[in-house]
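Chemist: First the structure, then my questions, so here it is.
The values are calculated or read from the model by the stated rules, or taken from the named source; none is laboratory data. All of these numbers come straight from a predicted model, not from anything done at the bench. Don't worry about glycine lacking a Cβ; one is built from the backbone with ideal geometry, like all the others, and counts go over all protein chains shown.
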Amino acid sequence: MARIRTLIVDNEAEARRGLRLLLDKDPDIEVVGECADGRDALRAIESQSLDLVFLDVQMPKLSGFEVLQNVAVEPLPFIVFVTAYDRYAVQAFEVHAVDYLLKPFSNRRFQQALSQAKTQIRNETSVSTLNDRLDQLLARLGTTPRALVAEAETEYLERIACKDGGKIAFIDAEAVDWIEAADNYVALHVGPKTHLVRATLSEMEEKLDPRRFLRIHRSRIVNVERVREMLPQSSGDCVLVLENGTRLNSSRTYSPQRRRVFNLSS
């Protein structure tokens, strides 16, 4: 029997890695690609013969719902939505019998969703029914489901202005490794360099994309793409080891945010 051709779509690299690790354990699954935004996902779904897509709801450029609204392929592959959203989204999925994973999800919940998907995919007579359910879901959420994609449409800082002597330097936000409070300033750590910006840490946190930057302590924010390892401590705190070897303590106060962003079940 042919393996199930599967696409992973999530703007968070850690979430994609987590899904791939789980999927690679199943001999029935062939992961044929990964996408980090909606536009790439749209192209992949239209250009590849797919059976199954794990599709993030909130993504830059196009949300997961907008991908499905614009895709021009029939029949659609089986969709498992991946979302960090609240009861509104979950109830919509449940009403229309479209499967979903609510972040952070356990391995058991993932296996339930995967088993359901495999059963439906093997049952070819269910394809039209599944497509009808997706159409009904999109209709219920509206042409543009604002309640679910509002955060994705928010404009966050892409470049940060820093005074450097008598000039102003512009730092790409994605180049920042981590940020710490420094009296009336925040210090941006970019590789071996440090840049000061006159702002509070809370002000900077509000301006940065929460999908990329995570508050881990009352005085620290980290770029989640830079985190290489997480070392839990008996106190409930956690040490994050960055790609460059920097070790940052993360307070247990921020453990719910860590679980959500890093897709941890507990």
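Chemist: Taking the conditions exactly as written (modelled with pLDDT under 65 and of a type in the set (A, V, I, L, M, F, W, C)), does LEU114 satisfy them or not? Walk me through how you get there before you give the answer.
Modeler: On the way: modelled with pLDDT under 65: no; of a type in the set (A, V, I, L, M, F, W, C): yes.
No.
Chemist: Here's something else I'd like to know. Just to check your reading of the model, which residue among GLU225, GLU174, GLU180 is touching a residue at least 24 places away in the same chain (Cβ under 8 Å) and farther than 20 Å from TYR254 by Cα? Break it down stepwise before answering.
Modeler: On the way: GLU225 fails: farther than 20 Å from TYR254 by Cα; GLU180 fails: farther than 20 Å from TYR254 by Cα.
Just one listed residue meets the conditions, GLU174.
Chemist: Now a separate question. How many residues, within the range 217-228, are part of a strand (DSSP E or B) and surrounded by 14 or more Cβ atoms within 10 Å (Cβ to Cβ)? If you could, list the steps in order and put the result at the bottom.
Modeler: Let us first name the residues in the range 217-228 that are part of a strand (DSSP E or B), namely 217, 220-223, 227-228.
Right, trim to surrounded by 14 or more Cβ atoms within 10 Å (Cβ to Cβ) and you get 217, 220-223, 227.
The number of residues fulfilling the criteria is 6.
Chemist: For residues in the range 9-21 being of a type in the set (A, V, I, L, M) and either within 13 Å of PHE81 (Cβ to Cβ) or under 11 Å from the mean Cα position of the chain (by Cα) (or both), which is surrounded by the most Cβ atoms within 10 Å (Cβ to Cβ)? Before you say what the answer is, go through the steps one by one.
Modeler: Pass one, the range 9-21, residues of a type in the set (A, V, I, L, M): 9, 13, 15, 19, 21.
Next, only the ones that are either within 13 Å of PHE81 (Cβ to Cβ) or under 11 Å from the mean Cα position of the chain (by Cα) (or both) stay: 9, 13, 15, 19.
Values: VAL9: 27, ALA13: 14, ALA15: 24, LEU19: 23.
Per the criteria, the residue is VAL9.
Chemist: Let me ask another. Restricting attention to the range 10-36, report how many residues are assigned to a loop (DSSP other than H, G, I, E, B) and at pLDDT below 90.
Modeler: Summing the residues that are assigned to a loop (DSSP other than H, G, I, E, B) and at pLDDT below 90 in the range 10-36 gives 2.
Chemist: Considering only the range 37-52, state which residues are outside any helix (DSSP H, G or I) and more than 22 Å from ARG122 (Cα to Cα). Show your work before the answer.
Modeler: The first filter runs over the range 37-52 and keeps only residues outside any helix (DSSP H, G or I), leaving 37, 48-52.
Within the range 37-52, just ASP37 meets the criteria.
Chemist: Determine which member of the set LEU196, LEU231, LEU248, LEU214 is assigned to a strand (DSSP E or B), at pLDDT 85 or above and surrounded by fewer than 14 Cβ atoms within 10 Å (Cβ to Cβ). Quick ask: steps written out before the conclusion?
Modeler: Values: LEU196 fails: surrounded by fewer than 14 Cβ atoms within 10 Å (Cβ to Cβ); LEU248 fails: surrounded by fewer than 14 Cβ atoms within 10 Å (Cβ to Cβ); LEU214 fails: surrounded by fewer than 14 Cβ atoms within 10 Å (Cβ to Cβ).
One residue alone meets the criteria, LEU231.
Chemist: Examine the range 178-189 for a residue that is polar (S, T, N, Q), at pLDDT 90 or above, more than 23 Å from PRO256 (Cα to Cα) and not in a helix (DSSP H, G or I), and state whether such a residue exists. Break it down into steps so the answer makes sense when it comes.
Modeler: Step one: list which residues in the range 178-189 are polar (S, T, N, Q), which gives 184.
With the extra rule that they be at pLDDT 90 or above, the set shrinks to none.
No, the range 178-189 contains no residue that is polar (S, T, N, Q), at pLDDT 90 or above, more than 23 Å from PRO256 (Cα to Cα) and not in a helix (DSSP H, G or I).
Chemist: Where the second residue is buried (at least 22 other Cβ atoms within 10 Å of the Cβ) and at pLDDT 90 or above and the first is in the same structural domain as ASN70 (by TED's automatic domain parsing) and among the aromatic types (Phe, Trp, Tyr) and lies in the range 33-59, which pairs have Cβ atoms under 7 Å and are six or more apart or on separate chains?
Modeler: Every condition considered, the pairs that remain are PHE54/ILE8; PHE54/VAL9; PHE54/LEU19.
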